[in-house]
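S.K.: Dropping the structure in here first, questions after.
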Amino acid sequence: MNIQSIVENITINIDGQDVEVPKGINIIEAVKMVGKGKEVPHYCYHPKLSVAGNCRMCMVEMGMPMRDRGTGEPILDENGVQKIGWMPKPTIGCATNASPGMHIRTNSEMVKESRNGVTEFLLINHPLDCPICDQAGECRLQEFSAEHGRGYSRFIEKKNVKPKRTTLGPRVTLDDERCILCSRCIRFSKEVAGDDVLGFVDRGTYSTLTCFPGKELSHNYSLNTVDICPVGALTSTDFRFKMRVWFLKRTHSICTESSVGANTEIWSREGKIYRITPRRNDAVNDTWMTDSGRVLYKAIESDDRLTQYTIEGVHKTVDEVAAAAVELLQAREVALVASAHSSVEEQFFYQSIAQRSGATVSLVSHYAEGDGLLLSEDRTPNLRGALVTGLIHQLPEREAKLEALARDINSGAVKTIFVVNEDLTKLGIHKEMLAKVKVIYVGTHANETSEVANVVIPSLMVYEKDGTFINQSFRVQRFKTAVPGPRGVLSDFHVLERIAAPLAQEKVAPLSIDDVWERMVSRIAQFDAAIRWSALPEEGVALDASAFLDLNFVESKNLKFDPVAFKETSAAPAETSATIATEA
Amino acid sequence: MAPQETRLIFKHIDEEGYTNDIDCYVKNGGYEQLKKAVTMKPEDICAEVLTSGVRGRGGAGFPAGMKWKFLDRKSGKPIYLVCNADESEPGTFKDRQIIHQDPHQLIEGMMCAAFAIQAKLAFIYIRGEFFQGYKILERAIEEAREKNFLGDNILGSGYSCDIIVHRGAGAYICGEETGLIESLEGFRANPRIKPPYFPAALGAYQCPTIVNNVETLCDVKHIIEMGGEGFAKIGTPGNTGTRIWCVSGHVQKPGYYEFACSDVTLGQLIYDVCGGLKPGRKLKAVIPGGSSAKILRADERFTGKLKDGTEFDWGIEDIPMDFDSLMAVGSMSGSGGVIVMDDTTDMVEALANINYFYAHESCGQCTPCREGVPWMRKVTQRMVDGEAREEDADLLKSIADQIAGRTICAFGEAASWPVQSFIAKFKDEFVEKAKEQAARRKEGQEVAKETTLI
């Protein structure tokens, strides 16, 4: 969390200003730490990849305090200040690590001139097709050309011709003429995705990015190459030509694909999502996410979306369905099939409802094989939330079956089932059995259970509501509304309040999400009393997990989570997580 | 009187009856120095090499002993020795002779050096075009192994080292030491960034590695023979040992000539040793150290101060052929490829030829070189094709200035120095070219002269 306190700090001088930076940090990062929007322009450097040093854009002037070669004594100028020995040539910031006393010039004549030179070189063979290029608006080359270019071309020769519209894989299209050969995508595939399929062929100015023969860029992280491509060479086949990026609104969200909880950004316009990209969180997903997680939003517009509150198939108002649900729940003999897809806030309400209606709670596992990176074995975003809110106390069975519930239905012990987002017919409870009980269904999409349900409450998808999830490392992470949900459908916790309050003979309160949090922090030990949803930090808050360490979670080691190490650090006095929580 | 050659490394080159097999080599006193070396302490040999002051013969002229000193011995990783036999600087043809005619001299030098730095394994990276040389080396190594001059427990010393010959695939950039190492490891020969990848610390397979030129490694053998101080007596201080000058171009007797450093001047080399220019021709320019060295104009006066403070005032013919003097006149001795041009040479075409080579050989890794060098090629090609503009000279200079010093490896300099120096010294010809073509165009004549580049 707090790098400076762990690593030794040193003082370096950037453009005449002394700055404290962690030892060994490179100059690009050091200059970024100065703040005030100061930046060393760069293309090939990426904080999460190895340093290649090939774009030559991040040139800075570097000097070290001079010392006498023989005696090691500092050499002083007439004012008694140690002289600086400036290097005759500029050096690249990405591969220069800060050392004590180092002097850096990021804006001298020599630096400006070399940036101008690199910019001119990058543009001579570039097609300059910004008007039809998808990257326009978020293109480093475009930005830096405006900032550091000369504004006109001295190049009158013929440009090189390279392949256009090459299909690299099922999701990525390549325009080689736009490629500036920074090798980010190659390094990503090799170092992060672990699937070394990209490389350069041919030499010199004819160097061309391509897939190795017989291979394709098809791994589940291929779209990250599009994200990190600083120009419009690699484009998403799906997003290509769909929308200008400057028209899109960006909303911070969380990926629901698995318990990793990758931080994401939703790009939408006029209530329609156009793409999802990863958002940097060094404790969760670095700057990456899966390809499969990026298309989940497409379910918003699917034909089987539930959009109406209904009782016995007849459209009703939200108050009518809530009242119907309350009536069923008050009759007791209720079973609640909860979901780890629900947000923490919703689970908090389900916990109250279960308590107030005396319901037995079961939760169905959604386990599959993990990929060791950003797709964990648990394919739900919020199993930890169900534990923290006290909705469940044990992990769900590995096998996704509801045998106990089936027995209870057959024996008549259960008369009403409150189902959240699960299709019971897939879990060992046939339609004939469902006919014996009353079913309240809450969910985003129709399934065989919702078809036979007596009360149907449509629910919003993660993109359409505010909330939080707790990921595999017990980190509470916030997501915000990016697009409106189906007309007339309320946010889940508003509906749940209409059910939970009457069950306890309370008045239904008009709640904001911060009000829900006020209730939660008073009831949930892991939540810091001062914190509210709207004040959660962007990178989330790590909770004290010590109460849950005995549980046998399914996640194995992945990119940022090591279950063994996590157990060890969490078992130690919960000092770290507590301080972080207050800090936040 | 023509100055006398000092044949040290080329002692037996072109000698009647001298063959490249091991028997002939041993008969002529071969492998005696290796026998001596393995009885010495490795650090003593390193000290001798440092005392000898021998400078790298590959181009940069960096003191070899100093290079060895930078070896990271604390890491505990194995040390590798690599012989750079990727002789590809246009105008250079010395290493080929050593490999073809006296391969055992190289092997002996290498094993002495390997023992001195305690290398675990040695490589010879030979350029792909030297197929014959590759076969000769393979045979020679087999012969030496049979006689226990390399392999396990060399001459009973307890030291073991083998040589692996690796063939390149025909790329100039493989002569750059980190590019060579990448290629040796089986990758594209993209030079590495320094820092952090200094070969002496993180070289082949991320282990400490020494890369030396063929001629430099041969010198090691002679340093052991005559001792560091004895070797240092050849030539002048700071410019010790002999150099093999590969003279090509418009001289009567092109070829390779070995002289002690400073023993011969450029004038003597051209007129006395190489028999002068063709009848009726006048000297126009000389590139003294392979095509990447800066060109020297025949009618220039070179004045300045040497490293030791002595002032000089030379014409082109007075320049002593050694590292520091050529550096002082603004060029370099490089790999020893002396390219002589007489007054029939069209400088624009000559530069177009050089640019063609460097544009073709740029590895394409870093931006200035990848984009800038082919741009220069396109400009000079256009000029030769009849579309020259008067402002092209300044454009070329400006492009070259944007490349030199901004690249990952020294290729950026190698490619821009010729352009910078050609423009600095023959700008009038570049401008004249444009005017001449404009005039011919006006008269409706064929604009470009009939020339073919390579």
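The values are calculated or read from the model by the stated rules, or taken from the named source; none is laboratory data. Small disclaimer: the values here were computed from a predicted structure and weren't measured. Neighbour counts run over all protein chains shown; Cβ positions are idealised from the backbone, glycine included.
S.K.: Can you name the residue in segment A:27-63 that is buried (at least 16 other Cβ atoms within 10 Å of the Cβ) and of a type in the set (Asp, Glu) and is also farthest from the other protein chains (Cβ to nearest Cβ) among such residues?
M.R.: The residue in question is A:Glu29.
S.K.: Would you kindly identify the strands (runs of 3 or more DSSP E) lying entirely within segment B:261-326 that contain at least 1 residues that are among the aromatic types (Phe, Trp, Tyr)?
M.R.: B:301-305, B:311-315
S.K.: Hey, any hits in segment A:170-182 for a residue that's among the charged types (D, E, K, R) and either part of a helix (DSSP H, G or I) or touching a Phe, Trp or Tyr at 6+ places or on another chain (Cβ under 8 Å) (or both)?
M.R.: For segment A:170-182, residues among the charged types (D, E, K, R) and either part of a helix (DSSP H, G or I) or touching a Phe, Trp or Tyr at 6+ places or on another chain (Cβ under 8 Å) (or both): absent.
S.K.: One residue is enough: does segment A:213-236 have a residue meeting the conditions farther than 30 Å from A:Val483 by Cα, out of contact with any Phe, Trp or Tyr (no Cβ under 8 Å at 6 or more places or on another chain), within 14 Å of chain B (Cβ to nearest Cβ) and exposed (fewer than 15 other Cβ atoms within 10 Å of the Cβ)?
M.R.: No, segment A:213-236 contains no residue that is farther than 30 Å from A:Val483 by Cα, out of contact with any Phe, Trp or Tyr (no Cβ under 8 Å at 6 or more places or on another chain), within 14 Å of chain B (Cβ to nearest Cβ) and exposed (fewer than 15 other Cβ atoms within 10 Å of the Cβ).
S.K.: With the structure loaded, tell me whether A:Phe121 is in a helix (DSSP H, G or I), free of Cβ contacts under 8 Å to residues at least 24 places away in the same chain, under 22 Å from A:Ile228 (Cβ atoms) and within 14 Å of chain B (Cβ to nearest Cβ) or whether it fails that test. Let's see the steps before the verdict.
M.R.: Values: in a helix (DSSP H, G or I): yes; free of Cβ contacts under 8 Å to residues at least 24 places away in the same chain: yes; under 22 Å from A:Ile228 (Cβ atoms): yes; within 14 Å of chain B (Cβ to nearest Cβ): yes.
Here the answer is yes, as A:Phe121 does meet what is asked.
S.K.: For residues that are farther than 10 Å from A:Ser50 by Cβ and among the small types (Gly, Ala, Ser), scanning just segment A:180-204, find the one that is nearest to the other protein chains (Cβ to nearest Cβ).
M.R.: Checked segment A:180-204; the qualifying residue nearest to the other protein chains (Cβ to nearest Cβ) is A:Gly204.
S.K.: Restricting attention to segment A:492-512, which residues are touching a residue at least 24 places away in the same chain (Cβ under 8 Å) and in a loop (DSSP other than H, G, I, E, B)?
M.R.: Once the filter is applied, which keeps residues that are touching a residue at least 24 places away in the same chain (Cβ under 8 Å) and in a loop (DSSP other than H, G, I, E, B), segment A:492-512 yields only A:Ala504.
S.K.: While we're looking at this one, here's another question. How many of the residues making up segment B:13-57 are more than 25 Å from B:Glu229 (Cβ to Cβ) and part of a loop (DSSP other than H, G, I, E, B)? Can you show your working first?
M.R.: First, the residues of segment B:13-57 that are more than 25 Å from B:Glu229 (Cβ to Cβ): B:13-27.
Checking the rest, the ones that are also part of a loop (DSSP other than H, G, I, E, B) come to B:13-21.
Total satisfying the criteria: 9.
S.K.: Only one of (1) farther than 30 Å from B:Gly168 by Cα; (2) within 14 Å of another protein chain (Cβ to nearest Cβ) fails for B:Ala352. Which number is that?
M.R.: Result: B:Ala352 fails condition (1) only.
S.K.: When you go through (1) away from chain B (no Cβ under 13 Å); (2) part of a loop (DSSP other than H, G, I, E, B) one by one for A:Glu143, which number turns out not to apply?
M.R.: Among (1) away from chain B (no Cβ under 13 Å); (2) part of a loop (DSSP other than H, G, I, E, B), the lone unmet condition for A:Glu143 is (2).
S.K.: It is to be established whether one or more residues within segment A:365-387 are farther than 30 Å from A:Tyr221 by Cβ, aliphatic (A, V, I, L, M) and in a helix (DSSP H, G or I).
M.R.: Start the filter on segment A:365-387 by keeping residues that are farther than 30 Å from A:Tyr221 by Cβ, which leaves none.
No, because not a single residue in segment A:365-387 is farther than 30 Å from A:Tyr221 by Cβ, aliphatic (A, V, I, L, M) and in a helix (DSSP H, G or I).
S.K.: Continuing with the same structure: From (1) within 12 Å of chain B (Cβ to nearest Cβ); (2) crowded, with 19+ Cβ neighbours inside 10 Å; (3) outside any helix (DSSP H, G or I), pick out the condition that doesn't hold for A:Lys159.
M.R.: Status for A:Lys159: all satisfied but (2).
S.K.: For segment A:165-179, give me each residue that is modelled with pLDDT under 95 and within 14 Å of chain B (Cβ to nearest Cβ).
M.R.: none
S.K.: Given the condition touching a strand residue (DSSP E or B) at 6+ places or on another chain (Cβ under 9 Å), touching a residue at least 40 places away in the same chain (Cβ under 8 Å) and of a type in the set (A, V, I, L, M), answer yes or no: does some residue in segment A:62-75 qualify?
M.R.: Yes; the residues of segment A:62-75 include at least one that is touching a strand residue (DSSP E or B) at 6+ places or on another chain (Cβ under 9 Å), touching a residue at least 40 places away in the same chain (Cβ under 8 Å) and of a type in the set (A, V, I, L, M).
S.K.: Still on this model: Which one of these is buried (at least 21 other Cβ atoms within 10 Å of the Cβ), more than 29 Å from the chain's Cα centre (by Cα) and within 25 Å of A:Gly232 (Cα to Cα): A:Asn116, A:Asn125? Step through it out loud before you land on a result.
M.R.: Working: A:Asn116 fails: buried (at least 21 other Cβ atoms within 10 Å of the Cβ).
Step by step, each of A:Asn116, A:Asn125 is checked, and only A:Asn125 is buried (at least 21 other Cβ atoms within 10 Å of the Cβ), more than 29 Å from the chain's Cα centre (by Cα) and within 25 Å of A:Gly232 (Cα to Cα).
S.K.: Which one of B:Lys120, B:Lys74, B:Lys67 is without any contact (Cβ under 8 Å) to a residue 40 or more places away in the chain and not assigned by TED's automatic domain parsing to the domain that holds B:Ile287?
M.R.: Answer to the selection: B:Lys74.
S.K.: Now for a separate question. State which residue is nearest to B:Glu89 (Cα to Cα) when the search covers only segment B:398-454 and only residues that are within 25 Å of the chain's Cα centre (by Cα) and among the charged types (D, E, K, R).
M.R.: Step by step, filter segment B:398-454, then rank; the result is B:Glu413.
S.K.: Which one of these does A:Asp515 not meet: (1) charged (D, E, K, R); (2) touching a helix residue (DSSP H, G or I) at 6+ places or on another chain (Cβ under 9 Å); (3) surrounded by 15 or more Cβ atoms within 10 Å (Cβ to Cβ); (4) more than 22 Å from A:His393 (Cβ to Cβ)?
M.R.: Answer for A:Asp515: the failing condition is (2).
S.K.: Being of a type outside the set (Val, Ile, Thr) and in contact with a Pro (Cβ under 9 Å, 6 or more places away or on another chain), is that true of even one residue in segment A:266-281?
M.R.: Checking segment A:266-281: at least one residue is of a type outside the set (Val, Ile, Thr) and in contact with a Pro (Cβ under 9 Å, 6 or more places away or on another chain).
S.K.: Here's a follow-up. Taking segment B:369-416 only, how many residues are over 20 Å from A:Cys58 (Cβ atoms), facing another protein chain (nearest Cβ under 10 Å) and not in a helix (DSSP H, G or I)?
M.R.: Selection size over segment B:369-416: 2.
S.K.: Which of (1) at positive phi; (2) modelled with pLDDT of 95 or more is the odd one out, the single condition B:Gly17 does not satisfy?
M.R.: (2)
S.K.: If only one of A:Met57, A:Met33 is on the phi < 0 side of the Ramachandran plot and modelled with pLDDT under 95, which one is it?
M.R.: Every option except A:Met33 fails the conditions.
S.K.: Output the strands (runs of 3 or more DSSP E) that fall wholly within segment A:1-113 and possess 3 or more residues being not basic (Lys, Arg), or say none.
M.R.: Hits in segment A:1-113: A:9-14, A:17-22, A:59-65, A:84-86.
S.K.: Could you tell me whether A:Gly151 is away from chain B (no Cβ under 14 Å), more than 22 Å from A:Met243 (Cβ to Cβ) and surrounded by fewer than 15 Cβ atoms within 10 Å (Cβ to Cβ)?
M.R.: Yes: the conditions hold for A:Gly151.
S.K.: Same structure, new question: Suppose the filter is β-branched (Val, Ile, Thr) and in contact with an Asp or Glu (Cβ under 8 Å, 6 or more places away or on another chain); does B:Val348 pass it? I'd like the intermediate steps shown before the answer.
M.R.: Values: β-branched (Val, Ile, Thr): yes; in contact with an Asp or Glu (Cβ under 8 Å, 6 or more places away or on another chain): yes.
For B:Val348, the condition - β-branched (Val, Ile, Thr) and in contact with an Asp or Glu (Cβ under 8 Å, 6 or more places away or on another chain) - is met.
S.K.: Would you mind stating whether A:Arg275 is surrounded by fewer than 16 Cβ atoms within 10 Å (Cβ to Cβ), without any contact (Cβ under 8 Å) to a residue 60 or more places away in the chain and under 15 Å from the mean Cα position of the chain (by Cα)?
M.R.: no
S.K.: Quick check: is even one residue across segment A:82-105 in contact with a helix residue (DSSP H, G or I) (Cβ under 8 Å, 6 or more places away or on another chain), under 30 Å from A:Leu209 (Cβ atoms), surrounded by fewer than 15 Cβ atoms within 10 Å (Cβ to Cβ) and more than 11 Å from chain B (Cβ to nearest Cβ)?
M.R.: No, segment A:82-105 contains no residue that is in contact with a helix residue (DSSP H, G or I) (Cβ under 8 Å, 6 or more places away or on another chain), under 30 Å from A:Leu209 (Cβ atoms), surrounded by fewer than 15 Cβ atoms within 10 Å (Cβ to Cβ) and more than 11 Å from chain B (Cβ to nearest Cβ).
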